[in-house]
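Asks: Have a look at this one before I ask anything.
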Amino acid sequence: MFDILKKLNQDKDRCVLIGRNALNLHMPDGSHTLFSTVDFDALCPDIKTTLECQELLLKLGCTKTGATFTSEFGELDVLVADIEYQEGVVCGYYNIPSLRPLWDARKKYENGILIPKEEALILDKLLNARENEGKDVETISIYLSLNPEKFESILEAINSSNKIDDRDKMLFSLYQAIHKNEKYRMLVESIMSRSLGTV
């Protein structure tokens, strides 16, 4: 699947790998097993680019069902963050404009695959933590256990958010991810208490 993703971005930036696979690429031991899955998510910036990806994926032998492309290497869900279309499904694809920061924070990984910068990916996961069996929160928890030096910068980035609702959502998700670590928990609880005006 990584070879397919490289081909999609070979001559221009078309899609950025998001989700659990994007964090795979940052594991310190170089392995890709911790968040291993055959379900990949990729994000395109607009409808035109998404259609280009569709054409390339079909040429590469993938079959299409809705926004999902299937090959012998797994499934690739192609999402779009077209800010010109603010609601609903566009052209048969899932359009989620709120994911646009992940596209804007893209960088090319050493193997040629586009991924978001780590901080943008972590903040997005915290902001949009879903009831998907706790996978997003679990991902953050494992990420911080492997990269404890990132905790303070993540907390600082959350605190610098100008949107109070977004900040509160991210703090709550972060709290869920680190609640077993007493030091981190106390720091997050302190910030949440100040936000609520109880301190």
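The values are calculated or read from the model by the stated rules, or taken from the named source; none is laboratory data. Note that the coordinates shown come from a computational prediction; the quantities given were computed from them, not determined experimentally. We place every Cβ from the backbone using ideal geometry, glycine too, and count neighbours over all the protein chains shown. Surface accessibility is based on the protein's heavy atoms, side chains included, excluding ligands, DNA and RNA. Shrake-Rupley method; radii C 1.70, N 1.55, O 1.52, S 1.80 Å.
Asks: Could you list all residues from segment 45-73 that are of a type outside the set (S, T, N, Q) and part of a helix (DSSP H, G or I)?
Replies: In the first step, residues of segment 45-73 are kept if they are of a type outside the set (S, T, N, Q); the result is 45-48, 51-53, 55-62, 64, 66-67, 69, 72-73.
Scanning segment 45-73 gives Ile47, Lys48, Leu51, Glu52, Cys53, Glu55, Leu56, Leu57, Leu58, Lys59.
Asks: Return the residue satisfying two criteria in turn: it lies in segment 173-197 and is within 14 Å of Lys125 (Cβ to Cβ) and either in contact (Cβ under 8 Å) with a residue 40 or more places away in the chain or outside any helix (DSSP H, G or I) (or both), and of such residues it is farthest from the chain's Cα centre (by Cα).
Replies: Here the answer is Gln176.
Asks: Oh, and also: Does segment 156-171 hold any residues that are open to solvent by 30 Å² or more (accessible area, probe 1.4 Å) and either in a helix (DSSP H, G or I) or on the phi > 0 side of the Ramachandran plot (or both), and which are they?
Replies: Glu156, Asn159, Ile164, Asp165, Asp166, Arg167, Asp168, Lys169
Asks: Residue under question is Asn128, and the condition is that it be within 30 Å of Ser190 (Cα to Cα) and either open to solvent by less than 80 Å² (accessible area, probe 1.4 Å) or at pLDDT 90 or above (or both); does it hold? Outline the logic, then answer.
Replies: Working: within 30 Å of Ser190 (Cα to Cα): yes; either open to solvent by less than 80 Å² (accessible area, probe 1.4 Å) or at pLDDT 90 or above (or both): yes.
Judged against the criteria, Asn128 is a match.
Asks: Could I ask something else about it? Got at least one residue in segment 145-155 being at pLDDT 90 or above, part of a loop (DSSP other than H, G, I, E, B), open to solvent by 60 Å² or more (accessible area, probe 1.4 Å) and out of contact with any helix residue (DSSP H, G or I) (no Cβ under 6 Å at 6 or more places or on another chain)?
Replies: No, segment 145-155 contains no residue that is at pLDDT 90 or above, part of a loop (DSSP other than H, G, I, E, B), open to solvent by 60 Å² or more (accessible area, probe 1.4 Å) and out of contact with any helix residue (DSSP H, G or I) (no Cβ under 6 Å at 6 or more places or on another chain).
Asks: For residues that are of a type in the set (Ser, Thr, Tyr) and without any contact (Cβ under 8 Å) to a residue 40 or more places away in the chain, scanning just segment 38-65, find the one that is nearest to Tyr85 (Cα to Cα).
Replies: Among them, the one singled out is Thr49.
Asks: Quick check: is even one residue across segment 148-171 within 16 Å of Asp41 (Cα to Cα) and out of contact with any Asp or Glu (no Cβ under 9 Å at 6 or more places or on another chain)?
Replies: No: zero hits.
Asks: What is the residue count in segment 172-190 for residues that are open to solvent by less than 20 Å² (accessible area, probe 1.4 Å) and either more than 17 Å from Ile142 (Cα to Cα) or of a type in the set (Lys, Arg) (or both)?
Replies: So the count comes out to 1.
Asks: Something else about it: How many residues does segment 111-151 contain that are of a type outside the set (D, E, K, R) and under 19 Å from Lys169 (Cβ atoms)? Before you say what the answer is, go through the steps one by one.
Replies: Initial filter on segment 111-151 (of a type outside the set (D, E, K, R)): 111-116, 120-123, 126-129, 132, 134, 137, 139-148, 151.
Add one more test, that the residue is under 19 Å from Lys169 (Cβ atoms), and what stays is 116, 120-123, 126-129, 132, 134, 137, 139-141, 143-144, 151.
Number satisfying all stated conditions: 18.
Asks: Which one of these does Tyr94 not meet: (1) modelled with pLDDT under 90; (2) in a strand (DSSP E or B); (3) open to solvent by less than 80 Å² (accessible area, probe 1.4 Å)?
Replies: (3)
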